[in-house]
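Novice: First, the structure itself, so that you have it in front of you.
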Amino acid sequence: MWLFTKRPKEPVLDPTYGDPHRKALIRAMEKRKWKFARELLNMAADPDEMAFLMEAVGGVDGVQDWIGDWIDAEPESPLPVLVAGCHAVHWAWEARGGKRAKYTTAAQFRGFHERLRYAETLLQKVLAREPDNVTAWAWLVTSSRGLSVGSAEARQRFEAVTRLHPGHVVAHEQRLQYLCEKWSGSHEEMFDFARSAATAAGPNSLLHELVAVAHIEKWSATDREEGNAYIVSDEVRAELLTAAESSIFHPDYIPAGPGWAPRVATFAMALELADEFDAAAHAFALLDGVVTEWPWQILGDPVEKFTASLDYVTTNRS
């Protein structure tokens with residue numbers, strides 16, 4: 001079992017995950033310093049790092065108000081168009097809000113779909129210049145869910161990503177969301193995808209996190225009493241532990257790569273819900289007080305829910 005020498009730091013919501021590269025990019029975008037942002041994005045070592053940086057761009061408010069200046073200044077470059085398209089996908093979800101469809105107004109849906117169609121136009125412009133732009137394809141995987149793109153086309157978009165970069169974490173996460181019962185799929189499709197991806201992934205891969213996401217999604221979609229009984233079942237607990245041991249608990253895993261924190265947090269939440277308190281405490285120790293929007297926003301205010309979950313785990317550890 002795992003041993004701990006200290007309690008994690010005081011929880012703080014940190015969109016940078018303590019990563020100086022991500023922090024510099026967020027600041028550059030906030031200050032509209034697109035030349036510096038361009039250099040930071042061009043430093044991405046691989047498609048996964050580019051995706052994690054683009055997620056940071058998506059969280060910056062107001063980019064849509066000035067990104068045209070960058071596009072006009074560098075008309076031959078697909079990068080500012082890609083930035084605009086990826087940001088617009090996140091901007092669309094802001095218009096929709098985070099509630100389920102029955103609690104979302106017609107006006108919210110109109111804004112959501114208008115912004116997604118705008119995003120798709122931009123991303124398709126990128127692909128017209130660079131057909132193998134992995135990031136553009138990955139964000140089209142996300143928009144396919146919001147626009148209820150047909151199953152065949154949605155699958156083709158995902159396969160366009162994995163043909164170029166088989167282990168693309170963000171694309172896999174977004175494909176899983178498309179396959180959720182609350183969007184265009186079912187629990188069965190979601191679990192088939194998550195388990196297949198985990199089986200294909202090697203040890204020390206974040207793709208094993210998909211199994212934890214799937215269990216959280218089923219728990220969240222189920223009546224609370226039934227959901228709680230489901231997630232503490234022996235079968236679910238064993239599968240969560242196996243996934244964690246193949247990923248964030250693997251001896252070679254280092255919680256410092258791009259985009260690490262929300263994926264570790266997913267395990268922390270799932271293991272806490274499953275009453276696997278020692279394992280959950282280990283995940284919280286890896287986070288060391290870093291709070292992310294996902295997955296805690298499922299429960300409410302991220303800092304409050306992170307703190308409550310950590311306290312519960314600490315109290316109930318054997």
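The values are calculated or read from the model by the stated rules, or taken from the named source; none is laboratory data. On a predicted model such as this, the values are computed, not experimentally measured, just so you know. Using ideal geometry, Cβ is built from the backbone for each residue, glycine included, and neighbour counts are taken over all protein chains shown. Quick note on the areas: whole protein, heavy atoms, side chains included, nothing else; ligands and nucleic acids left out. Shrake-Rupley method; radii C 1.70, N 1.55, O 1.52, S 1.80 Å.
Novice: Below 8 Å between Cα atoms, with a sequence gap of 6+, how large is the relative contact order for the chain in percent? Intermediate results must be reported in sequence, preceding the final value.
Specialist: On the way: 432 pairs, mean separation 56.9, N = 318.
Contact order relative to length: 18 percent.
Novice: OK, next. Please tell me the relative contact order of the range 8-57 in percent, rounded to the nearest whole number, where contacts are Cα pairs under 8 Å and at least six residues apart.
Specialist: So the answer I get is 37 percent.
Novice: Mind giving me the FRET efficiency for Trp93 and Asp278? R0 is 30 Å, r the Cβ-Cβ distance, nearest 0.05 is fine.
Specialist: The formula returns an efficiency of 0.25 here.
Novice: Tell me the per residue accessible area of the chain using a 1.4 Å probe; a whole number in Å² is fine.
Specialist: So the chain comes to 46 Å² accessible per residue, rounded to a whole number.
Novice: Pairs Lys218/Lys305; Lys9/Lys182; Lys33/Lys305; Lys9/Lys35; Lys33/Lys125; Lys182/Lys305: which exceed 26 Å Cα-Cα?
Specialist: Flagged as over cut-off: Lys9/Lys182; Lys33/Lys305; Lys9/Lys35.
Novice: Turning to a different aspect of this structure: Calculate, for Lys31 and Gln297, the FRET efficiency according to 1/(1 + (r/R0)^6) with r their C-beta to C-beta distance and R0 35 Å; round to the nearest 0.05.
Specialist: 0.85
Novice: How much space per residue, in cubic angstrom, does the convex hull of the C-alpha atoms of the chain take up? Please report the intermediate quantities before stating the final value.
Specialist: Values: hull volume 42.1 nm³, N = 318.
Taking the convex hull of the Cα positions in the chain, it is 132 Å³ per residue.
Novice: Describe numerically, in nm with one decimal, the distance between label points set 7 Å from Cα along Cα→Cβ at Glu39 and at Ala256.
Specialist: Calculated label separation equals 2.4 nm.
Novice: Based on alpha-carbon atoms only, what is the radius of gyration of the range 161-314 relative to the globular estimate 2.2 N^0.38 Å?
Specialist: 0.97
Novice: Using 0.36 nm per residue, how much length does the chain from Asp234 to Leu164 gain when fully extended, once their Cα-Cα distance is taken away? Please list the in-between numbers first.
Specialist: Working: separation 70, 0.36 × 70 = 25.20 nm, distance 3.77 nm.
Roughly 21.4 nm would be gained on extension.
Novice: Considering every pair of different Cα atoms, what Kirkwood radius, in Å, is found for the range 109-199?
Specialist: 13.4 Å
Novice: Take the alpha carbon atoms of the range 62-142, find their radius of gyration, then divide it by 2.2 N^0.38 Å using N residues; give the quotient.
Specialist: Here the answer is 1.16, to two decimals.
Novice: Another one. Give me the distance in nm between label points sitting 7 Å out from Cα along the Cα-to-Cβ direction at Trp66 and Thr105, one decimal.
Specialist: 3.0 nm
Novice: Would you mind getting me the FRET efficiency between Glu114 and Thr307? Use the beta-carbon distance for r and R0 = 30 Å, nearest 0.05.
Specialist: On the way: r = 37 Å, r/R0 = 1.25.
Computed FRET efficiency for Glu114 and Thr307: 0.20.
Novice: By how many nm would the segment from Glu153 to Glu181 lengthen if fully extended, with 0.36 nm per residue of separation less the alpha-carbon distance?
Specialist: This chain segment gains 8.3 nm when fully extended.
Novice: Helix-derived [θ] at 222 nm for the chain: sum -39500 (n - 2.57) over DSSP H runs of at least 4, divide by residue count, nearest 500?
Specialist: Numbers: 17 runs with 209 residues, N = 318.
Value at 222 nm, helices only: -20500 deg cm²/dmol.
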